[in-house]
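What follows is a set of notes on a single structure, which appears directly below.
The values are calculated or read from the model by the stated rules, or taken from the named source; none is laboratory data. Not measured: the values here are computed from a predicted model. Every residue, glycine as well, gets a Cβ built from its backbone with ideal geometry; the counts of neighbours run over all protein chains shown.
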Protein chains: 4
Amino acid sequence: MTNKLRDLVGPGRLASVMSVHNPLSARLAELAGFDGIWASGFELSAAYGVPDASLLSFSQHLDMTRAIVERGYGNAVNVMHVVGAYARAGVAAVVIEDKTFPKDTSLLAGGRQDLVRIEEFQGKIAAARAAGREHDLLVIARTEALIADLGLDEALKRAQAYSEAGADMILVHSKRKTPDEIIGFTRRWSKETRLVIVPTAYPDLTEAKIRELGKIGMVIYGNHAIRAAVTAMRQVFAEIRADRGIHNIDKRIVSVEEIFELQRVADMKQAEKEYLR
Amino acid sequence: MTNKLRDLVGPGRLASVMSVHNPLSARLAELAGFDGIWASGFELSAAYGVPDASLLSFSQHLDMTRAIVERGYGNAVNVMHVVGAYARAGVAAVVIEDKTFPKDTSLLAGGRQDLVRIEEFQGKIAAARAAGREHDLLVIARTEALIADLGLDEALKRAQAYSEAGADMILVHSKRKTPDEIIGFTRRWSKETRLVIVPTAYPDLTEAKIRELGKIGMVIYGNHAIRAAVTAMRQVFAEIRADRGIHNIDKRIVSVEEIFELQRVADMKQAEKEYLR
Amino acid sequence: MTNKLRDLVGPGRLASVMSVHNPLSARLAELAGFDGIWASGFELSAAYGVPDASLLSFSQHLDMTRAIVERGYGNAVNVMHVVGAYARAGVAAVVIEDKTFPKDTSLLAGGRQDLVRIEEFQGKIAAARAAGREHDLLVIARTEALIADLGLDEALKRAQAYSEAGADMILVHSKRKTPDEIIGFTRRWSKETRLVIVPTAYPDLTEAKIRELGKIGMVIYGNHAIRAAVTAMRQVFAEIRADRGIHNIDKRIVSVEEIFELQRVADMKQAEKEYLR
Amino acid sequence: MTNKLRDLVGPGRLASVMSVHNPLSARLAELAGFDGIWASGFELSAAYGVPDASLLSFSQHLDMTRAIVERGYGNAVNVMHVVGAYARAGVAAVVIEDKTFPKDTSLLAGGRQDLVRIEEFQGKIAAARAAGREHDLLVIARTEALIADLGLDEALKRAQAYSEAGADMILVHSKRKTPDEIIGFTRRWSKETRLVIVPTAYPDLTEAKIRELGKIGMVIYGNHAIRAAVTAMRQVFAEIRADRGIHNIDKRIVSVEEIFELQRVADMKQAEKEYLR
């Protein structure tokens, strides 16, 4: 069994990945042409209305991930958080991060951002590789050293140790408002292992600039689906309240028929024609 | 145990209810000032990317409903589909409809829209009342007679029979592009039992006009949360693909901090201050 | 992808299958040497304390089935109820039955046992085959004609129609206290399609006698796991209550260490040794 | 809202509690006359075939607990593991233990048994009390000091600190083959707070002896349901394999009709008579 993701992130390639929180947003990401989707713990927590602080359980995340994979969305690349069950659920990659449990989300000012020891995390990487081997699962090791304010040297040291422990890719995350830190990291990175970045805090780092840097095989847009949805729902809800009716907004949102299309109602009707006798 | 919803839909009142598909959209509906929320099977099916055709299971709907109620959203009014477990999960009302199982969604052109016999449905209403009595649950009987093209007389006959069987409210649904059918129904309705409508197909029927009609105690906006979210995600995804980066859209969607607020991260941090020692 | 079950039920073979209700009972069935397991709706309903009358949802059954398959139990043969999701969850066969929804369990005296039309059920078989083709899933068509007191002729007519519609095996179920009806059916069965039986009501039909009959490729023991567990729990609970302590029963039930073994605690400890650093 | 459990464990009383793993075993415990049930993480892990080592998620445990409570079993007393969601799910008490996450089960020889700091655990107790106050939830603090070989003094010190932090009861667990350690602890315990014990390892400590000791308000039988079920299933499975049929065991296990009774099939049939028209 081979994993199409390996090709998409190789030298000279850059996979563009969208974070999602349910099968519908995954389908929209696929239709928009993204190379893959990220079953984001942050987005899922937000959809459930709880902080991204280890409050949703592993099985709740797996259930939603499976619902996404079941619908066949994000076919080429699915990027996610744990191993084993995820591999069997059909994902292409998992991201494991070096924060302690329970964690706080990365961009939360003043959040707890303690890291596990390097050797301990190398063990996790080795375990993840063993668990995913049968499915050719990509193991992406994510270091939060920059999020935890430990500096470039510590981040590079950890990334190298993780690469040596067998990580297929290294995700390095920064909370700076400019991409300088990530650019610095990338310039000093000397291993073959390709990098992954999540430019939420420094939106000016476009894919064009990322390609120039080289070494980076994947960019993940980490929370834009849920932020887009919230923006729209907040505005539409306010307008219905102000107008006391839907007469004004009805034409400005997608039609019910477009929703039917996303649900693939036509496929179901076709199957009914064949099999309902 | 008394149910606050009863007051909100009484004579001279009109409850304005928003359909939602997860705790986050429920929270946004609450913040926008809606009187209640509807855990919409249509919206939830769409969020899972499947047709609204009895494909999601009862327990999947209940799980999401419970997740919404657990977060304390939509406190005054929660309007939903089944009984028993829903009552225990803390909802204020259930809607049961007179379509056969498995069903097709109401606004699907050419969908199967068969109705159960009147006596059979009266039995269901009585069973629902018995199951919800302990929790003072409102049982809303929904007739799809107009959706099934059976005409006003049949719709009125069914509504009266359901009212006599003990329904607390009658939901009458129409797929006409104008509100004439619903207005006709309402004018001819002579029972005390208050009505519920879902003006998706005839958006020009505003709350002001509904109040003039009288007899209607609740208006539900049936799929605007998911349509708003899809509209925004579709557009933002397309723009990121076109721009190959998030530099342009970043300022036009809500910030990560606003998401933190919706997740009530501050409450969690306050609890940590008190209890993490 | 080929399905090992096909061989196990072929001419001259008889697969012996145990019904189970969770991963633990599946593991015990495997250790006991059964050829396969049946994720029994009856057993699962009983474990949840509800009647086997379409009260547990499809997704609750699928979740438990997946938990069983995830643990790698019942490796050769897993026999179950629905298609699609089950095929992707890794099962080897599904059983679909010709009763209307919602159903009553087969052995309930006075239960509702209405059957769907033959053409409708042939459509279901074709749909199931299409859904499972990619995974070489066996589709077992179960007729309840004898349960519904429709007689041997109707049972044979339905079995033939189902076989012609593409069923891989035919499960024929009887509620008689003797095996005469099933023996009669088997003697008159002239198609190549192999049969499946569930001898709950006529326990004297042993595997030796079944082999003599020929044509039958699989025997399923339909509710003995849960009945055994209930027998033991009922007796042990009563004894603890009578003794007001566990001093007498402690030696007569399996030790905690045996439970550890079934949970494969040693494997986990071995993995910890390798990866916990 | 008052909690009946408080009375059952007060001075001079001894509540006898059975551990269970699904609604069926809960129903059997209720029928046997136990004062309450314990939704045991150990039993549930075993039922899922996984080690009791934080592998099952919080939400999987909550789902099963809710399924038990939903069926109305174990009416007087339900003793369990976490708070908040459990309180809303209708449980009477939660047990929180002072082991670090992820944990190993208590009776596993050579398992990791690290404890959290006393102040940290006092914070957890205070948080649990706050979360459960509205439902008058009993918070039972479980110390694993004896399991971790820290000695009687440390166990007493922790128990006192937990009591001072607001714990309603103290559960003290020992892995010794004799009750000496628990007896020593109880003799030296000088606070009003009532104790809870789980005599798995020292089965000779009967309820009569426990009453003599005084101070203990609850005894939990921690894994006897699953051990009884395993014992019976293992034996019945082996016998069916040896006999190649069910002719010999059929009479020695409970009948299908007894299972119907536990599922309350008669209640369902009665409701059908009333409401199916």
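Look at D:Ile118 and say whether it is β-branched (Val, Ile, Thr), surrounded by fewer than 23 Cβ atoms within 10 Å (Cβ to Cβ) and touching a helix residue (DSSP H, G or I) at 6+ places or on another chain (Cβ under 6 Å). Answer is yes for this residue. Across segment B:209-216, a minimum of one residue is classified as touching a helix residue (DSSP H, G or I) at 6+ places or on another chain (Cβ under 6 Å) and touching a residue at least 40 places away in the same chain (Cβ under 8 Å).
Tell me whether segment A:269-277 contains one or more residues that are among the hydroxyl-bearing types (Ser, Thr, Tyr) and modelled with pLDDT under 85. Yes, that holds for at least one residue. The set of residues from segment D:236-247 being closer than 17 Å to C:Ser25 by Cβ and crowded, with 16+ Cβ neighbours inside 10 Å comprises D:Val236, D:Phe237, D:Glu239, D:Ile240, D:Arg241, D:Ile246. Restricting attention to segment C:64-120 and to residues that are of a type in the set (Asp, Glu) and within 20 Å of C:Glu164 (Cα to Cα), the residue that is modelled with the highest pLDDT turns out to be C:Glu119.
Total residues in segment A:150-185 satisfying the condition of being under 16 Å from A:Lys99 (Cβ atoms) and touching a helix residue (DSSP H, G or I) at 6+ places or on another chain (Cβ under 7 Å): the figure is 8. Here C:Lys269 qualifies as crowded, with 17+ Cβ neighbours inside 10 Å, under 34 Å from the mean Cα position of the chain (by Cα), more than 14 Å from D:Ala232 (Cβ to Cβ) and more than 7 Å from chain D (Cβ to nearest Cβ). Please work out if C:Glu261 is under 30 Å from D:Leu14 (Cβ atoms) and surrounded by fewer than 21 Cβ atoms within 10 Å (Cβ to Cβ). Against the criterion (under 30 Å from D:Leu14 (Cβ atoms) and surrounded by fewer than 21 Cβ atoms within 10 Å (Cβ to Cβ)), C:Glu261 does not qualify.
Just a yes or no: is a residue in segment B:175-188 closer than 22 Å to B:Pro11 by Cβ and part of a strand (DSSP E or B)? No, that holds for no residue.
None of A:Ala126, A:Ala167, A:Ala161 is outside any strand (DSSP E or B), buried (at least 22 other Cβ atoms within 10 Å of the Cβ) and of a type in the set (A, V, I, L, M, F, W, C) except A:Ala167. Does segment A:248-256 include one or more residues that are crowded, with 24+ Cβ neighbours inside 10 Å, polar (S, T, N, Q) and under 17 Å from B:Ala229 (Cα atoms)? Checked segment A:248-256: no residue is crowded, with 24+ Cβ neighbours inside 10 Å, polar (S, T, N, Q) and under 17 Å from B:Ala229 (Cα atoms). When you scan segment B:3-18, do you find a residue that is at pLDDT below 65 and either crowded, with 22+ Cβ neighbours inside 10 Å or more than 7 Å from every other protein chain (Cβ to nearest Cβ) (or both), even just one? Yes: one or more hits. What are the residue pairs meeting all of these: first residue in segment B:131-156, first residue within 17 Å of B:Asp114 (Cα to Cα), second residue in a loop (DSSP other than H, G, I, E, B) and at pLDDT below 80, Cβ atoms under 7 Å, and 6 or more apart or on different chains? Within 7 Å, the pairs are B:Glu144/B:Ser106; B:Glu144/B:Gln113; B:Ile147/B:Ser106; B:Ile147/B:Gln113; B:Ala148/B:Gln113.
Candidates are the residues of segment D:131-152 that are at pLDDT below 85 and under 22 Å from the mean Cα position of the chain (by Cα); the one that is farthest from D:Ala92 (Cα to Cα) is D:Ala131. Contact annotation: residue pairs with Cβ atoms under 8 Å, 6 or more positions apart or on different chains, pairing a residue in segment A:231-251 that is under 19 Å from B:Trp38 (Cα atoms) and more than 7 Å from chain B (Cβ to nearest Cβ) with a partner that is of a type in the set (S, T, N, Q) and assigned to a loop (DSSP other than H, G, I, E, B), are A:Glu239/A:Asn248.
Quick check: is even one residue across segment C:209-220 crowded, with 16+ Cβ neighbours inside 10 Å, closer than 26 Å to D:Leu262 by Cα, among the hydrophobic types (A, V, I, L, M, F, W, C) and facing chain D (nearest Cβ under 8 Å)? Checked against the condition, which is being crowded, with 16+ Cβ neighbours inside 10 Å, closer than 26 Å to D:Leu262 by Cα, among the hydrophobic types (A, V, I, L, M, F, W, C) and facing chain D (nearest Cβ under 8 Å), segment C:209-220 yields no hits at all.
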